[in-house]
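Beneath this line is the structure, given in structure tokens, with notes to follow.
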Amino acid sequence: MTFKLTLAAVTAAVVAAISAGAAQAQITDNVVRLGVLNDQSGIYTDLSGPGGVDAARMAIEDFGGTVAGAKIELVSADHQNKPDIGSNIANQWYDRDGVDAIFDVPTSSVALAVQNIAKEKGKVMIDHGAATSDLTGKACSPTGIHWTYDTYALANGTGRALVEQGAKKWYFITADYAFGHALERDTSNAVTAAGGEVVGTVRSPFPSTDFSSFLLQAQGSGADVIGLANAGGDTVNSIKQAAEFGITQGGQKLASLLVFLSDVHSLGLDVAQGLVLTTGFYWDLNDETRAFAKRFGERNGGKMPTMVQAGIYSSVMHYLKAVEATKSDDGKTVVDQMKKTPVNDFFAKGGVIREDGRMVHDMYLMQIKSPAESKAPYDYYKLLATIPGDQAFRPMDKGECPLVTK
């Protein structure tokens, strides 16, 4: 009798130990490692860069520093806007350094390469800084999420709005790589769908400091609008040089299709005033956005967050909540849990992550204030319209994502 009881007790203890071990083993090496891979020395530094790394750090701190009983660690690196460098870092992080999820990854050519690596390895890649809508289209991934904005939403917001205001004829100056091509394509589609016309296009090297010849071609095209399908430092340089050529004074509109708060700060309101833009976040929308921005600014020299930096915080929190719920750092398991759960925070209300990886949330049509309208530093935007998420982003069945059941 005593022997049987002892065996039963031992068996129960062994089963309990195995069960506990199995549960704990679902977090690999008992550490959840996050990597922020972005531009920390080039033309996209201000819009993501060190500020994006700090946004991820803020989310980890707010979460408490541990998840599902495991420590959370953060690493970061500069991909220099080069796909080969980004790919090498991603392979090293996933294979050797135990990184579970990579965040940010501006520059569409780098993002497409890293998302493909993450897909092959079953790891998570959540993008914020890259714009190409192909990330959730033909290049979509079961472990990839596109969080903040994309070329379709930018084109649909700014392109359609300007055509409806009477700016029918468009000429594009396009950054000659994956992002620029996608933004030109999606804006052209939005313009023609709204009744406008594309009268010409010129491709500029990426990155570039001299846009003189491209602006002169656009100026002589007879277009109502010169669409700038570029971003970051390229946008700043092209807008400054457009002002020097007196393009808007001559009657043509300038449509910068991707403008960040950091670009406006760099340009100054004298140059940037009047531009219409589409954004996924503005720090001065409501009390919640202002509260986050105040905390971010206190840690980042008074700078208000861009939509990329705010989106990184939002997605890191959502990722960690999914790890906590599943007790797992398996890429597919965590992303599936993220898709099951609405996003409700200062960045998005009722946000939904679709099967193709698109996080659908409201976008905002803004106009840049004049110097007289601005009352304080970073008081740059006035809200023209809120674009509901299901109208801002491309319908899922139009994206050619192989994951989507038709």
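The values are calculated or read from the model by the stated rules, or taken from the named source; none is laboratory data. If you're wondering where the values come from, they're calculated on a predicted model, not measured in any experiment. A quick note on method: Cβ atoms are made from the backbone with ideal geometry, for glycine too, and the neighbour counts reach across all protein chains shown. Heavy atoms of the whole protein, side chains included, go into the accessibility calculation; ligands, DNA and RNA do not. Shrake-Rupley method; radii C 1.70, N 1.55, O 1.52, S 1.80 Å.
Picking from L277, L267, which residue would you name as being within 19 Å of the chain's Cα centre (by Cα), open to solvent by less than 40 Å² (accessible area, probe 1.4 Å) and either of a type in the set (A, V, I, L, M, F, W, C) or more than 21 Å from L135 (Cβ to Cβ) (or both)? Before you say what the answer is, go through the steps one by one.
Numbers: L267 fails: within 19 Å of the chain's Cα centre (by Cα).
Just a single option satisfies the conditions, and that option is L277.
Does the range 130-140 hold any residues that are assigned to a loop (DSSP other than H, G, I, E, B) and either open to solvent by 10 Å² or more (accessible area, probe 1.4 Å) or over 22 Å from Y313 (Cα atoms) (or both), and which are they? Walk me through it before giving the result.
Taking the range 130-140 and keeping what is assigned to a loop (DSSP other than H, G, I, E, B), we get 130-132, 137-140.
Within the range 130-140, G137, K138, A139, C140 meet the criteria.
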Check your understanding: What single numbered condition from (1) more than 19 Å from T279 (Cα to Cα); (2) assigned to a loop (DSSP other than H, G, I, E, B); (3) open to solvent by less than 60 Å² (accessible area, probe 1.4 Å); (4) touching a residue at least 24 places away in the same chain (Cβ under 8 Å) fails to hold for Y171?
Key -> (2)
Practice item. Hey, can you tell me all the residues within the range 174-232 that are under 22 Å from G399 (Cβ atoms), polar (S, T, N, Q) and without any contact (Cβ under 8 Å) to a residue 60 or more places away in the chain? Key: T174, S188, N189, T192
Practice item. Scan T326, T333, T306 and give me the residue that is of a type in the set (S, T, N, Q) and crowded, with 20+ Cβ neighbours inside 10 Å. Key: T306
Review point. Has the range 176-195 got any residue that is buried (at least 20 other Cβ atoms within 10 Å of the Cβ), at pLDDT 95 or above and part of a loop (DSSP other than H, G, I, E, B)?
Key: no
Revision key, fill the gap. Output for Cβ contacts, cut-off 8 Å, separation at least six or different chains, first residue without any contact (Cβ under 8 Å) to a residue 40 or more places away in the chain in the range 240-261, second part of a loop (DSSP other than H, G, I, E, B) and among the hydroxyl-bearing types (S, T, Y), reads A242/T248; L254/T248
Point to revise | The lone exception for I102 - which of (1) touching a residue at least 60 places away in the same chain (Cβ under 8 Å); (2) open to solvent by 10 Å² or more (accessible area, probe 1.4 Å); (3) within 26 Å of G331 (Cα to Cα); (4) not in a helix (DSSP H, G or I) it fails | key: (2)
Study note, to complete from the structure: Among (1) farther than 24 Å from S41 by Cα; (2) modelled with pLDDT of 95 or more; (3) in a loop (DSSP other than H, G, I, E, B), Y149 falls short only on (1)
Study note, to complete from the structure: Of the residues in the range 119-128 that are in a loop (DSSP other than H, G, I, E, B) and open to solvent by 10 Å² or more (accessible area, probe 1.4 Å), the one that is farthest from T45 (Cα to Cα) is G122
Point to revise | Odd one out for E400, checked against (1) in contact (Cβ under 8 Å) with a residue 40 or more places away in the chain; (2) under 18 Å from G311 (Cβ atoms); (3) among the charged types (D, E, K, R) | key: (2)
Check your understanding: Is there a residue in the range 240-250 that is in a helix (DSSP H, G or I) and either of a type in the set (V, I, T) or closer than 25 Å to G49 by Cβ (or both)?
Key -> yes
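Which members of the range 374-406 meet the condition of being β-branched (V, I, T) and open to solvent by less than 30 Å² (accessible area, probe 1.4 Å)?
Residues of the range 374-406 that are β-branched (V, I, T), as a first pass: 386-387, 404-405.
Selection gives I387, V404.
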**Study point:** Which listed residue, of V335, V323, is β-branched (V, I, T) and in contact with a helix residue (DSSP H, G or I) (Cβ under 7 Å, 6 or more places away or on another chain)
**Key:** V323
Study note, to complete from the structure: Expected single match for open to solvent by 30 Å² or more (accessible area, probe 1.4 Å), at pLDDT 95 or above and under 28 Å from P305 (Cα atoms) among D97, D62, D84 is D62
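I'd like the full set of residues that are open to solvent by 20 Å² or more (accessible area, probe 1.4 Å) and part of a strand (DSSP E or B), limited to the range 345-364. If you could, list the steps in order and put the result at the bottom.
Step one: of the range 345-364, the residues open to solvent by 20 Å² or more (accessible area, probe 1.4 Å) are 345-346, 349-350, 352, 354-355, 360, 362, 364.
Passing the criteria: V352, V360, Y364.
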Study note, to complete from the structure: Screening V360, V323 for residues that are under 18 Å from the mean Cα position of the chain (by Cα) and at negative phi leaves only V360
Practice item. Take the range 152-168 and flag every residue that is open to solvent by less than 10 Å² (accessible area, probe 1.4 Å) and outside any helix (DSSP H, G or I). Key: A167
